[in-house]
Amino acid sequence: MTDDSPDQPHDFIREQIRSDLATGLHDHVVSRFPPEPNGYLHIGHAKSICLNFGVAAEFGGHCSLRFDDTNPAKEDQAYIDAIMEDVRWLGFDWGEHLHYTSDYFEQLYDWAVHLIREGLAYVDELSPEEMREYRGTLTEPGRESPSRNRGVEENLDLFARMRAGDFADGEKALRAKIDMASGNINMRDPVLYRIVRAPHPRTGDAWHIYPMYDFAHGQSDALEHVTHSLCTLEFEDHRPLYDWLIDNLPAPARPRQYEFSRLNLTHTVLSKRRLIQLVEERHVSGWDDPRMPTLTGLRRRGVPPVAIRDFIGRLGVTKSDGIVEMSYLENTMREHLNQTAQRRMAVLDPLKVVIENYPDDADDELDAVNNPNDESAGSRKVAFSREIYVERADFMEDPPRKFFRLGPGREVRLRYAYLVTCTDVIKDDAGNVIELRCTYDPESRGGNAPDGRKVKGTIHWVSAEHAVSAEVRLYDHLFTEEEPGSGDDWLDGLNPNSMELRQGCLLEPSLADLPAGETVQFERLGYFCADPDGAADNLVFNRTVSLRDTWAKEKAKG
């Protein structure tokens, strides 16, 4: 089934699939997403997830989730669980098509034996360091291992003993016998199996040898009858080996590998090694730190999964590597949240305001719109009182001409409430402003002047009597540099202001009941998500994204 409508994405992979279906090379589409369960997924993986699950859905096929669990020393069931949660959160489901490379360990072993019998693989005693030395360089051919021409029967015996656990880690390895003079270093007798004495999350201690990714990947694709094996560009030089193995094994299908550019983002890192270092050295609080580019971190930050899918879709699929501005992702987040997030009022740096002519015993509730872009969201009641709090930044004792907020003698509109005028400024002994005294116009309920006078400034507020206290975490880019360094000094680019902690923030009381993970707009401040660390007596909110691209503004100034 194909869909050539204009609304469908068009790129070189989808065009290839359309051609393969039209010519009868395939009558259906099978793709797969094959993560290694040795860490958490990041937004770069989201591109592969969206592409693999996306093309399968578009062309009426299916996409498998297959865990490449071939390195037990670094794998854990916790990673498997987290990956499944992330894929589902992103909006995709593999249904009955959940696989593990470990499902095929016996078959892969048999195929390795087949290569040995055909004289296409041998057991080697060279150490990993010696193998690198023998492999040669990009300009010089490699040298044959002394073990390369040993007999088939001896190789079969040694390989069986490797499986039985007779040798130590690194003592022997099974290598393909291809071409040590090949211009493609990946074809210079690559390792197919290595010895790893570590318990496996699924097979326990049953195996002492494990297949390399290059051997397991294509064969697992064939066993699952994958039609289009989609990989990022770093695997392009591995494709000849992928094809060589398919050509020389009795595989039940002939999948083909296609490569696309990976996603790179400014102001962060997407290297798993570097992400692990950030976590282990406690530069962040964990894999789900909202500053991290991991999917679990983005989820905790309150990023809607639909915004990530939309962002990935807008980037398209190409063969050209590049780097995408973080602001592009953030703008996509804003677009979605602007349409879907409900509005609430919160004051992050409170300044007390006493409305002196407002009755002490007044019990007033005002109508506030939940989302001006969504009529179905309705409205809510917001309590008003004689004492309120406003943002300290919304007052200046000696304001410039274009400052349209509070100042001595100035009138502003309180959002959804009344027009108020500042009449007095209270300071402490050190000269710090600690309180404002104002009067209000009782005829201006709803914020409209009865005589038609124009009031330019509108500020938000919370009722002192009704507000709830919260901790608010203001997150920013993890790195100050657009592209963190490639050397050992890459950590020097960490942004020391990537998180600002605000205590004693005051919020509308309705926010006390906001479920963890739900994102709202704090009016005039940005989008914020209720954090799972919060409790009824200790609310915690994370800033998902600001209302405007402040980084772009600073860049323009520079």
Backbone HN-Hα couplings from phi across the stretch 493-506 [Karplus 6.51/-1.76/1.60, Hz, Gly and Pro as x]: x, 4, 7, x, 10, 6, 9, 10, 9, 10, 9, x, 6, 10
Quick one: which residues, 5+ away or cross-chain, put their amide H under 5 Å from the amide H of V324? H built at 1.01 Å from N. N264, L265, T266
Between T203 and R548, how high is the FRET efficiency from 1/(1 + (r/R0)^6) when r is the Cβ-Cβ distance and R₀ = 41 Å? Nearest 0.05. 0.20
Order of 253-265, 360-372, 154-166 by packing, highest average Cβ count within 10 Å first? 253-265, 154-166, 360-372
Take the alpha carbon gyration tensor of the stretch 150-282, find the square roots of its eigenvalues, order them as a ≥ b ≥ c, and report rounded if a/c is under 1.5; if not, report prolate when a/b exceeds b/c, else oblate. oblate
Using helices alone, I'd like the mean residue ellipticity at 222 nm for the chain: each DSSP H run of four-plus residues gives -39500 (n - 2.57), total over residue count, nearest 500. -8000 deg cm²/dmol
Taking Lys and Arg as +1 and Asp and Glu as -1, residues besides R262 with C-beta under 14 Å from its C-beta add up to -1
Where a ≥ b ≥ c are root eigenvalues of the Cα gyration tensor, a/c under 1.5 meaning rounded, otherwise prolate if a/b exceeds b/c and oblate otherwise, the stretch 12-260 counts as prolate
Euclidean distance of C-alpha centroids, the stretch 300-333 and the stretch 18-59, integer Å: 18
Calculated from backbone phi, Karplus (6.51, -1.76, 1.60) coupling profile of the stretch 63-68 in Hz, x at Gly/Pro: 10, 8, 9, 10, 7, 7
Between rounded, prolate and oblate, where does the stretch 362-404 land on the alpha carbon gyration tensor, with a ≥ b ≥ c its root eigenvalues, rounded for a/c under 1.5, else prolate if a/b exceeds b/c? oblate
Whichever aspartates and glutamates have a C-alpha closer than 12 Å to that of K454, once near sequence neighbours (fewer than 8 apart) are set aside: E411
Per-residue ³J(HN,Hα) for the stretch 473-486, Karplus 6.51 cos²θ - 1.76 cosθ + 1.60, θ = phi - 60°, Hz, x for Gly and Pro: 10, 9, 9, 9, 4, 5, 10, 6, 7, 4, 10, x, x, 8
For L366, what residues show an amide H to amide H distance below 5 Å, using hydrogens built from the backbone and excluding near sequence neighbours? V382, A383, F384
Skipping prolines and chain starts, which residues have an amide H placed within reach, meaning under 5 Å, of the one on E471, given they are 5 or more residues away or on another chain? L539, V540, F541
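Bear in mind these aren't lab numbers, they're just calculated from the coordinates by the rules spelled out. These numbers were taken from a predicted model, which means no experiment stands behind them. Reconstructed Cβ throughout: ideal geometry from the backbone, glycine too, with neighbour counts over all protein chains shown.
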